[in-house]
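Trainee: Below you will find the structure I want to go over with you.
The values are calculated or read from the model by the stated rules, or taken from the named source; none is laboratory data. As the structure is a computational prediction, the values presented were derived from the model and not from experiment. With ideal geometry, Cβ positions are generated from the backbone for all residues, glycine too; neighbour counts draw on all protein chains shown.
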Amino acid sequence: MKPLEIAKTVLEAKGGFLHFNDIATLAHEMQLCSEYELSDLPTLLSGALSKEVKTKKPVFSRIKDGKGGYEKGIYRLKKSQRFPKSGWGESPRGT
């Protein structure tokens, strides 16, 4: 599996937000990667997640620390909007 697929699977199963080292450990416990891959997985996850967060429509997001910055290495799945804000079959302005 690719690092982003592993991160998505672990975060969907665990929920909330996790540090990339914890994601790697849980991926090994969930048998998504072998013990051999576990040694390189945190580095791969860190690079892949930080790059993916900077895309136009990211699947993951970083956690703010309350001081204007972000917590180091902590990511969560971004909440997606499932339905449009207007009702089905209605115009956006409600007229």
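Trainee: Are there any pairs, at least 6 apart or on different chains, whose C-beta atoms fall under 9 Å, with the first in segment 22-42 and within 12 Å of Thr9 (Cβ to Cβ) and the second basic (Lys, Arg) and part of a helix (DSSP H, G or I), and if so, which?
Mentor: Listed pairs, sorted by first residue: Ile23/Lys14; Leu26/Lys14.
Trainee: I'm trying to understand the selection: among the residues of segment 18-44, which are touching a Phe, Trp or Tyr at 6+ places or on another chain (Cβ under 8 Å) and surrounded by fewer than 17 Cβ atoms within 10 Å (Cβ to Cβ)?
Mentor: Result: no residue meets the conditions.
Trainee: For segment 34-78, give me the residue count where each residue is under 15 Å from Asn21 (Cα atoms), at pLDDT below 90 and of a type in the set (D, E, K, R).
Mentor: So the answer is 2.
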